[in-house]
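Chemist: Here it is, the structure in full.
The values are calculated or read from the model by the stated rules, or taken from the named source; none is laboratory data. None of these values were measured; they are calculated from a predicted model. Neighbour counts are summed over all protein chains in view; Cβ atoms, including those assigned to glycine, are modelled from backbone coordinates with ideal geometry. Note: areas computed on protein heavy atoms with side chains; ligands, DNA, RNA excluded. Shrake-Rupley method; radii C 1.70, N 1.55, O 1.52, S 1.80 Å.
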Amino acid sequence: MRRWVAAAVVACLAGAAVARAESLEAIRQRLRAEAGVCETPSSPADLPMVGLTVLPGDTHARLALDLTGQAETAGVLKKVAPRLVPGTRVFVPRALLSPLLADPRLEPLRLGPDTPTLWRLVRRRVDTTEGGPAVAVRNLQRLNGITDPRRLPRGARILVPRSLLKGRPGEPAPPLRLSKKYRVTRVSGLQRTPKPDDFPTALRRRLRGRAWRRQLKPRKPDLVVIHTTEHRGAPFPNVASYIRRKRLTNYLVGPDGTVYEIVPDRYRAFGCGQSLWEGRYEVDFNAINVEVYADTSPGRPEGGGIRPAQYEALRALLGFLRGRYPGLHEGRVVTHRMVAVSYATGLRSRKGDPYVFDWARAGLPDNSQVIDQDVLVGRAKPCTDPRYADRMTEGQAAAARMGEL
């Protein structure tokens with residue numbers, strides 16, 4: 001009898017401990033949800049989710065433009081959150097959000113004498129390059145569960161993704177060593193405003209209406225594309241001379257960290273070739289191409305990857321470019337394999353460089369994890385061939401999973 005009672009007591013205590021652990025986990029999840037950073041996978045795609053409050057007047061089309069910058073993602077949002085009831089919370093995959101908004105690192109800001117309203121706080125402290133201040137205000141309302149910003153008391157705490165802050169704290173960029181030794185002397189034909197003849201005939205036939213008009217809009221540098229030369233051990237002077245002759249990049253990062261200006265960045269370089277990003281083909285028209293002298297593919301000689309001095313040079317160059325073009329924030333840096341596409345098949349497997357790239361050492365968030373919106377809406381196909389598995393990005397895989405919803 002005593003043994004039975006003792007066993008029952010032990011079982012009860014164990015059950016209480018489990019229940020307590022579960023309740024603590026439930027509390028943790030609730031607090032994260034209230035902070036707008038809940039990552040409870042709640043869709044078949046099993047992706048980290050962000051809790052957002054629906055505002056009065058929100059539609060799927062408006063959410064698509066505010067949260068992702070692309071109207072085409074409205075259909076995906078309808079599947080993820082079929083009903084939009086003002087004041088309720090919906091959960092959206094973090095990787096679907098625009099890169100700055102997707103930053104999970106949240107900084108608390110308070111309404112004070114200099115920033116008495118949410119609007120004033122956004123104008124003074126928040127980077128509104130993407131979408132403008134009105135979009136930034138609405139997105140911060142959604143993240144913080146604020147349906148009426150006029151009723152916020154003085155001293156109210158507002159959580160803001162760190163990447164959205166102006167003058168973001170961080171390590172100072174190393175000095176930029178810029179050389180014009182290999183600069184091109186001929187820039188004819190390198191204008192950034194595309195013309196119909198700049199697009200292949202097959203592509204022109206496939207694009208219709210708004211999609212075709214979008215290609216012909218005047219462009220300015222709003223994207224940085226990182227390449228690696230994959231030169232198979234060729235000497236740097238030979239590679240640099242070839243790149244200059246073919247006008248393949250705007251900047252070339254040498255083995256010692258010196259940055260060589262090849263094509264001035266107000267002109268385009270022929271680095272991306274057949275490419276697509278965010279619904280725009282021929283990415284070279286709006287991209288600043290940056291080549292890094294490195295071999296990163298599997299099987300290349302040891303030591304052929306990107307060197308520490310080159311990562312420092314990349315950080316310095318990106319800081320320099322942000323000073324020239326404020327829209328080139330951390331979320332506007334991608335790699336060649338992310339934008340490359342075959343116009344004939346639509347596959348993303350055309351290029352794989354850089355095969356190995358340490359985003360953190362370049363001072364960047366891992367933008368390869370952001371959902372590939374071209375794959376998501378069917379403009380491109382993920383690289384599914386096992387021979388080119390190293391050309392698949394996390395963003396492609398996430399988009400393919402979401403497309404199955």
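Chemist: Test Gly131 against the stated conditions and say whether it is outside any loop (DSSP other than H, G, I, E, B), among the small types (Gly, Ala, Ser), touching a residue at least 60 places away in the same chain (Cβ under 8 Å) and surrounded by 12 or more Cβ atoms within 10 Å (Cβ to Cβ).
Modeler: So Gly131 fails the test.
Chemist: Taking the condition open to solvent by 50 Å² or more (accessible area, probe 1.4 Å) and in contact (Cβ under 8 Å) with a residue 40 or more places away in the chain, does Arg123 pass?
Modeler: no
Chemist: May I ask you to verify whether Leu207 is out of contact with any His (no Cβ under 7 Å at 6 or more places or on another chain), surrounded by 12 or more Cβ atoms within 10 Å (Cβ to Cβ), closer than 20 Å to His336 by Cβ and among the aliphatic types (A, V, I, L, M)?
Modeler: Here the answer is no, as Leu207 does not meet what is asked.
Chemist: Which of (1) at pLDDT 85 or above; (2) buried (at least 19 other Cβ atoms within 10 Å of the Cβ) is the odd one out, the single condition Ser163 does not satisfy?
Modeler: (1)
Chemist: Moving on. What's the number of the only condition in (1) assigned to a loop (DSSP other than H, G, I, E, B); (2) within 28 Å of Asp374 (Cα to Cα) that Gly299 fails to meet?
Modeler: Going through the list (1) assigned to a loop (DSSP other than H, G, I, E, B); (2) within 28 Å of Asp374 (Cα to Cα), Gly299 breaks only (2).
Chemist: Continuing with the same structure: Has segment 260-272 got at least one residue that is assigned to a loop (DSSP other than H, G, I, E, B) and farther than 24 Å from Ser188 by Cβ?
Modeler: No - not one qualifying residue is present in segment 260-272.
Chemist: Another question about this same structure. Considering only segment 362-405, how many residues are open to solvent by less than 50 Å² (accessible area, probe 1.4 Å), hydrophobic (A, V, I, L, M, F, W, C), more than 18 Å from Gln70 (Cβ to Cβ) and assigned to a helix (DSSP H, G or I)?
Modeler: Final tally of qualifying residues: 2.
Chemist: Spot the failing condition for Arg322; the list is (1) open to solvent by 60 Å² or more (accessible area, probe 1.4 Å); (2) closer than 23 Å to Gly273 by Cα, and only one is missed.
Modeler: Checking Arg322 against (1) open to solvent by 60 Å² or more (accessible area, probe 1.4 Å); (2) closer than 23 Å to Gly273 by Cα, the one that fails is (2).
Chemist: Search segment 46-68 for residues that are closer than 17 Å to Thr128 by Cα and pair each with any residue that is outside any helix (DSSP H, G or I) and of a type in the set (A, V, I, L, M) when their beta-carbon atoms are under 6 Å apart and the residues are at least 6 apart or on different chains.
Modeler: Cβ pairs passing all conditions: Leu67/Leu97.
Chemist: Here's something else I'd like to know. Could you name every one of the strands (runs of 3 or more DSSP E) located completely within segment 143-258 that has at least 1 residues being within 22 Å of Thr335 (Cβ to Cβ) and in contact with a Cys (Cβ under 8 Å, 6 or more places away or on another chain)?
Modeler: 223-228
Chemist: May I pose another question? Being aromatic (Phe, Trp, Tyr), more than 27 Å from Val76 (Cα to Cα) and either open to solvent by 40 Å² or more (accessible area, probe 1.4 Å) or at pLDDT below 85 (or both) narrows it down to one of Tyr355, Tyr311, so name that one.
Modeler: The unique qualifying residue is Tyr355.
Chemist: Now for a separate question. Among the residues that make up segment 257-267, is at least one of them at pLDDT 95 or above, over 20 Å from Pro99 (Cβ atoms), aromatic (Phe, Trp, Tyr) and open to solvent by 50 Å² or more (accessible area, probe 1.4 Å)?
Modeler: Yes: one or more hits.
Chemist: If you take just the helices (runs of 4 or more DSSP H) that sit entirely in segment 1-104, which of them hold at least 3 residues that are surrounded by 12 or more Cβ atoms within 10 Å (Cβ to Cβ) and modelled with pLDDT under 90?
Modeler: In segment 1-104, the matching helices (runs of 4 or more DSSP H) lie at 2-34, 74-80.
Chemist: For Val334, only one of the following conditions fails: (1) open to solvent by 10 Å² or more (accessible area, probe 1.4 Å); (2) outside any loop (DSSP other than H, G, I, E, B). What is its number?
Modeler: Of (1) open to solvent by 10 Å² or more (accessible area, probe 1.4 Å); (2) outside any loop (DSSP other than H, G, I, E, B), only one is false for Val334: (1).
Chemist: Still on this structure, please answer the following. Does Arg348 satisfy the criteria of being free of Cβ contacts under 8 Å to residues at least 60 places away in the same chain, open to solvent by less than 20 Å² (accessible area, probe 1.4 Å) and either within 21 Å of the chain's Cα centre (by Cα) or within 21 Å of Tyr260 (Cα to Cα) (or both)?
Modeler: Yes, satisfied.
Chemist: Okay, next question. Within the bounds of segment 240-247, is there any residue that is within 30 Å of Val90 (Cβ to Cβ) and exposed (fewer than 13 other Cβ atoms within 10 Å of the Cβ)?
Modeler: Scanning segment 240-247 turns up no residue that is within 30 Å of Val90 (Cβ to Cβ) and exposed (fewer than 13 other Cβ atoms within 10 Å of the Cβ).
Chemist: Could I ask something else about it? Please pick out the residue among Ile306, Ile288 that is among the β-branched types (Val, Ile, Thr) and in a loop (DSSP other than H, G, I, E, B).
Modeler: Ile306
Chemist: Looking at segment 386-397, is at least one residue within 29 Å of Ala234 (Cβ to Cβ) and of a type in the set (Phe, Trp, Tyr)?
Modeler: Taking every residue of segment 386-397 in turn, at least one turns out to be within 29 Å of Ala234 (Cβ to Cβ) and of a type in the set (Phe, Trp, Tyr).
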